[in-house]
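Some notes on the structure that comes next.
What follows is calculated from the coordinates using simple rules that are stated; it is not laboratory data. Values in this document were obtained by computation on a predicted structure and should not be read as measured data. Glycine gets a Cβ as well: all are built from the backbone with ideal geometry, and neighbour counts include every protein chain shown.
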Amino acid sequence: MAPEHPLDQPLDQVNANDVVAFLVELVVLGLLAWAGFQSGGVAGWVRGIGLPVVAAVAWGLFAAPRAPVSNFWLRLVTKLVVLGAGVVAGFVVLPLWLAVLFAVVVVLNLVLMYVGPLARR
């Protein structure tokens with residue numbers, strides 16, 4: 001009998017791009033927090049805690065492999081917004097060369113997620 005709910009389906013095998021994607025997601029949350037705390041004071045605390053929490057909730061709802069809302073375009077837009085915000089945060093808090101390197105990794109990872117031999121979705 002086939003699973004009736006997407007959460008009942010087993011995840012596919014994990015490939016190297018999936019591991020990189022997970023690490024990128026963790027770095028994005030860290031960069032959002034770091035950039036948020038840069039503003040200082042109460043606003044810095046609100047941004048430092050709020051930005052990664054909002055990003056994680058949005059990711060969990062729309063972009064996670066077992067997200068409760070399964071819509072291709074919503075998933076793609078969520079990934080672009082959250083990862084894009086992480087790249088911008090990287091340019092705020094990291095040295096330029098490291099921010100550029102991170103941006104390249106994010107773009108390559110996202111492209112490989114949808115195109116090529118490591119494509120998932």
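Couple of notes before you dig in:
- Label-point separation, A56 to W73 (7 Å along Cα→Cβ), nm: 3.0
- Computed lengthening from A43 to L80, 0.36 nm per intervening residue step minus Cα-Cα distance: 10.8 nm
- Length gained when the stretch F91-V14 is fully extended (0.36 nm per residue, less Cα-Cα span): 24.7 nm
- Assuming charge only on the beta carbon of Lys and Arg (+1) and of Asp and Glu (-1), the dipole of the chain about its Cα centre is about 260 debye to the nearest 20.
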